[in-house]
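The structure under discussion appears below in the form of structure tokens.
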Amino acid sequence: MSERSDLLGKHIVLGLTGGIACYKSAELVRLLVKAGATVQVVMTEAAQAFITPVTMQALSGRAVATSQWDAREPNNMAHINLSREADAILVAPASADFMAKLVLGRADELLSLTCLARPRERCPLLIAPAMNREMWSHPATQRNVQTLHADGTILLGPDSGDQACGETGDGRMNEPADLVADLTAFFQPKILRGQRLLITAGPTFESIDPVRGITNHSSGKMGFALARAAVEAGAEVTLVAGPVHLPTPRGVRRIDVMSALQMQDAVLPVASEHDVFIATAAVADWRPASLSQHKIKKEGKKVAPTFELTENPDILAAVAALPKAPYCVGFAAESENLLEHARAKLLRKRIPLIIGNLGPATFGHDDNALLVVDATDQRQLPEDGGRADKLVLARELMVELARRLNLHPAN
Ligand code: C5P
């Protein structure tokens, strides 16, 4: 299995302010470090009432900064040194009080001082609000949210749901894994900003009777990775998914379907509104010609039942033939002669780009090896001919796509 280090080389200043959600920040540090980042924790006095610097030091592997008067800093300027080294400051949890302080530009303790003194051009500030729902919805907090937006602060969340106080509503801090995903996305170049992508993923399920059906081993992982990579690159993404048990990537609009016909119904009417269509789904080629209303019973039958099959529509070819067709990318899952089959498919479906992979080596795996094939050229991904995590490959495909669409890299 290939490892993915989404935040490798990134140095993050993680600020904690007073709130019950501080307990989640312990997990957040662990996940940030696991993703390859180095983390310098800064805690306000209130944060230390909820979780100790000892815990945060052990998880981050660095002494926690808690005071602007720390004489151990050679220049006695912890607030300057901290942000000059950082690729970003993430305040999680960010209390209502701390947000108000940011709005006013106050700097009476180390964390707010560091936020104010940071070089804004190269050290972005992201905050994950965490507070009771009444505090969050209060006009004062909402006014502060507007000002923070206007000042260029990026708000991650808050989430909605059960709160530590026993109430339910908006104000929960985003889960640590979601914060890491958001931070990772934040660092990805926005090469597809403004583009609308439509992606199919997973298998289809063709019913025989109410309890049985025909399907295949597609896990949906490649299509879901593409959807995530596209959102990370700034695109607006609609994902039409066959029956898979995968979480929806953040920021993706998902439409669940079962059969090829349902997938076609979800795709065709909206395809022309998109700039790009990526058909990752392993659509069943055939479906039972008729659906039995009731379960086909075994009892009393001497011979096994037989089924007539009928061909499913080719969704990709239909989209490619639309008068206002988006840029179409197909996938070819083969067991041999990848290049030959992929190119034949390219011509048959009249599409500009096809991604070849070996079926048994991709279905269900977290990593893959791809062959990017157009009418005249082909290239391997990863370039060394090995295997790479599907999200890493998906990000490379977004770069390939942006290049083919002549989009200018903009960050
Ligand atoms: O025709 P074949 O299944 O070999 O082609 C694979 C490509 O076509 C994939 O991109 C797949 O998503 C798409 N496809 C489709 N509708 C079908 C069959 C395949 O969109 N009925």
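Helices in the chain, meaning DSSP H runs of at least 4 residues, each add -39500 (n - 2.57). Divided by all residues, the mean residue ellipticity at 222 nm is -9500 deg cm²/dmol. Between GLU336 and GLU273, what's the calculated FRET efficiency when r is the beta-carbon distance and R0 is 30 Å? Round to 0.05. So, using R0 = 30 Å, E works out to roughly 0.20. Highest GNM mean-square fluctuation among ALA289, ALA94, ALA201, for the chain modelled with Cα contacts below 10 Å: ALA289.
To the nearest 0.05, what FRET efficiency results for ARG143 and GLU175 with a Förster distance of 25 Å applied to their C-beta separation?
Details: r = 27 Å, r/R0 = 1.08.
Computed FRET efficiency for ARG143 and GLU175: 0.40.
Residue separation of ALA63 and VAL33 scaled by 0.36 nm, minus their Cα-Cα distance, works out to 9.3 nm of gained length.
Each Lys and Arg adds +1 at its Cβ and each Asp and Glu adds -1 at its Cβ; summed about the Cα centre, the stretch 215-295 shows a dipole of about 360 debye.
Multiplying the residue separation of VAL211 and ALA71 by 0.36 nm and removing their Cα-Cα distance gives an extension gain of 43.3 nm. Computed extension gain for ASP377 through ASP108, at 0.36 nm per residue and net of the alpha carbon distance, reaches 90.8 nm. Simple spin-label estimate for LYS302 and ALA317 gives 4.2 nm between the two label positions (7 Å along the Cα-to-Cβ direction from each Cα). With R₀ set to 51 Å, the beta-carbon distance separating LEU155 from ASN406 gives a calculated FRET efficiency near 0.95. Scanning residues 5 or more positions from SER207 or on other chains, those with amide H under 5 Å from its amide H are ILE214, with H placed 1.01 Å from N in the peptide plane. What the phi angles of the stretch 233-250 give under the Karplus curve with 6.51, -1.76 and 1.60, with θ = phi - 60°, is a coupling list of 7, x, 7, 9, 10, 10, 10, 9, 10, x, x, 9, 9, 10, x, 6, x, 4 Hz, glycine and proline written as x. Excluding ligands, DNA and RNA, the accessible surface per residue across the chain is 49 Å² with a 1.4 Å probe.
For the listed residue pairs LYS34/LYS101; LYS221/LYS349; LYS24/LYS190; LYS34/LYS190; LYS190/LYS345; LYS295/LYS390, the alpha carbons are over 27 angstrom apart in LYS34/LYS101; LYS24/LYS190; LYS190/LYS345; LYS295/LYS390. Listed by chain and number, the aspartates and glutamates placed with their C-alpha closer than 15 angstrom to that of LYS298 are ASP209; residues fewer than eight positions away on the same chain are left out.
Compute the acute angle (0 to 90°) between the alpha-carbon long axis of helix 390-404 and the principal axis of greatest extent of the alpha-carbon atoms of the chain; round to the nearest 10°. It is inclined by approximately 80 degrees. Each label was represented as a point 7 Å from its Cα along the Cα-to-Cβ direction; for HIS245 and LYS324 these points are 4.1 nm apart.
3J(HN,Hα) couplings calculated from phi for the stretch 127-144 with the Karplus curve 6.51 cos²θ - 1.76 cosθ + 1.60 (θ = phi - 60°) are, in sequence order, 10, 10, x, 8, 6, 4, 4, 5, 5, 5, 7, 4, x, 5, 5, 5, 4, 5 Hz; Gly and Pro show x. Expressed to the nearest 5 percent, the antiparallel share of DSSP beta bridges inside the chain is 30 percent.
3J(HN,Hα) along the stretch 265-273, derived from phi through the Karplus expression 6.51 cos²θ - 1.76 cosθ + 1.60 where θ = phi - 60°, amounts to 5, 6, 8, 4, x, 10, 4, 5, 7 Hz, with x in place of Gly and Pro. Summary of the geometry: the stretch 202-216 and the stretch 103-155, compared by the centres of their Cα atoms, lie 50 Å apart.
Measuring from label point to label point, each 7 Å out along Cα→Cβ, what is the HIS11 to GLU167 span in nm? My value for the distance between the label points is 4.1 nm.
Of GLY385, THR306, VAL13, which is farthest on the positive side of the dipole of the chain, counting Cα position, with +1 on Lys and Arg Cβ, -1 on Asp and Glu Cβ, and the Cα centre as origin? Farthest towards the positive pole: THR306.
Arrange the residues ARG118, ARG348 by how much accessible surface each exposes, largest first, with a 1.4 angstrom probe.
ARG348, ARG118
These residues, LYS301, LYS190, LYS221, go from largest to smallest accessible area, 1.4 Å probe, as LYS301, LYS221, LYS190. Cα convex hull, the chain: 194 Å³ per residue, rounded to a whole number.
The values are calculated or read from the model by the stated rules, or taken from the named source; none is laboratory data. Predicted model, so just to flag it, every value in this text is computed and none were measured. As a convention, Cβ positions derive from the backbone with ideal geometry for all residues, glycine included, and neighbour counts pool all protein chains shown. Areas reflect the complete protein model, heavy atoms only, side chains present, ligands, DNA and RNA absent. Shrake-Rupley method; radii C 1.70, N 1.55, O 1.52, S 1.80 Å.
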